[in-house]
1. Given (1) in contact (Cβ under 8 Å) with a residue 60 or more places away in the chain; (2) not assigned by TED's automatic domain parsing to the domain that holds Ser256, identify the lone condition not met by Glu309.
2. Return the residue satisfying two criteria in turn: it lies in region 1-23 and is of a type outside the set (Lys, Arg), touching a residue at least 40 places away in the same chain (Cβ under 8 Å) and not in a loop (DSSP other than H, G, I, E, B), and of such residues it is farthest from Ala221 (Cα to Cα).
3. Please state which of the following conditions Val176 fails to meet, knowing it meets all the rest: (1) hydrophobic (A, V, I, L, M, F, W, C); (2) part of a loop (DSSP other than H, G, I, E, B); (3) more than 18 Å from Ala57 (Cβ to Cβ).
4. Could you tell me which of the residues Leu71, Leu47, Leu94, Leu104 is in a strand (DSSP E or B) and more than 28 Å from Asp125 (Cα to Cα)?
5. Within region 202-245, which residues are assigned to a strand (DSSP E or B) and of a type in the set (Val, Ile, Thr)?
6. Output the residues belonging to region 50-68 that are assigned to a loop (DSSP other than H, G, I, E, B) and either of a type in the set (A, V, I, L, M, F, W, C) or not assigned by TED's automatic domain parsing to the domain that holds Leu199 (or both).
7. Check Leu362 against each of (1) outside the structural domain of Trp160 (by TED's automatic domain parsing); (2) out of contact with any Lys or Arg (no Cβ under 7 Å at 6 or more places or on another chain); (3) over 26 Å from Arg412 (Cβ atoms) and name the one condition it does not meet.
8. Being surrounded by 15 or more Cβ atoms within 10 Å (Cβ to Cβ) and among the charged types (D, E, K, R) is the filter; apply it to region 424-454 and report the residue that is modelled with the lowest pLDDT.
Amino acid sequence: MNRVPLLGHAGLDEVFAWRPSGPVTVRHFLADAAALAGCLPPGRHLLNVCQDRYHFAVGLAAGLLSGRISLQPSSHSPETLRQIHAACPDVCCLCDGEFASGDLPRLDFPALAVPQGDFLRGAVDPEKVAKIPDVPADQPAIQVYTSGSTGQPLPYRKSWGSLVRNARAEASRLNVTGHAIVGTVPAQHMYGFESTVLLALHGNAPFWSGKPFYPQDIVAALAAVPPPRLLVSTPFHLAALLESGLELPAVDLLLSATAPLSDELASAAESRFQAPLMEIYGCTESGQIASRRTTAGPAWELFADVRLEQEGGQTFACGGHVEGRPALADVIEILADGRFLLHGRDADLVNIAGKRTSLAYLNHQIATIAGVRDAAFYLPEAGAATGITRLCAFAVAPELEAPALLQALRERIDPIFLPRPLFLVDHLPRNGVGKLPLAALQALHAAHAGKTHGRR
């Protein structure tokens, strides 16, 4: 049976992660993982909700060593947890803080930790760790979930071998071996999982254990790790960081994903940090498959051995670390040199009176207007009486009035796509990774239904 090492490090005394107490070696990480594996209750499924990135990584490794599948749903809502429990009744919820686990059996990580050293109690002495263990390449490692047509999350398993190939492909593309990673995205999110945890395991790039969110916390985290530094973030966090006016520690590489990144923000970030900024593209099923330097142009370059195939108006990813042949939800134009362009998501396509555009394009146009801090278009369902669908938009623009913003939009988009109405709001309900969930937009629209243009 083909087996793959749990970590790609050459030595046991290399640094695996950085914590407030200092560096954690590979040797100590393996001891912690083995100790936790011995504490897990019977069962095959593990829901790892640890907020400390090191605790999360220990939980992932413990699951791999004990043959468990780590579940990674896109939401931890009570209904999602009920659905997971019904499908996986043997699941154990691994927590390291307050978490509404409902009826799920739980194991609290802090209760297992040695008070002074933050390492787990158990029979495993770090000094007795002799080697990095192997894991079967075909062993199911994680189970992610995609949205089904009925709203029921659909499970999608990924093998350990494919995850390792994914991490190695990203590390090779970014050339980040030895970089200290600071991530503003949670480890449970696929982007955060791949670009912080997997990069630490098989890109030999130690991560900061925290999950900084606010600009001052991001600055403190960057200052706590040695150079070279990699900041794994989102457009939402990058914009807030640049607007903060804080003195920023040196960063050697910036990484962004989860939402479209404007050319303006990319240029501003590169100028402020004096470092290149790369975007990552992929989806839950395929994992990361491509990257681009935003300031160098719009085309994306596929990771090694990954291919795109198109049939019947759909694009599929295959080859390399991609398992199967998952369909991509975006409208993609494949260029002659093998690179590709993104033209918005299939689900984002808007057709009004025979004219087509995408919500991604419209969002980009409004977000780049001077004075707009954040904005989003929303396409409600067609009116019951008229059958007519009218776009609306929400914008955070404290210094603008709706007529002025609409006039600026008229100069950028076809008048048929002008929002009717446009609402000026104090903030948009983005989640922890800077995304605007559809449910949040629906609720925002419902709260403003029947109102006209203006500030609310």
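The values are calculated or read from the model by the stated rules, or taken from the named source; none is laboratory data. Not measured: the values here are computed from a predicted model. Cβ: placed from backbone, ideal geometry, glycine included. Neighbour counts: every protein chain shown.
1. (1)
2. Val4
3. For Val176, the failing item is (3).
4. It is Leu71.
5. The one that is assigned to a strand (DSSP E or B) and of a type in the set (Val, Ile, Thr): Val232.
6. Passing the criteria: only Cys50.
7. So Leu362 meets the others, but not (3).
8. Lys435
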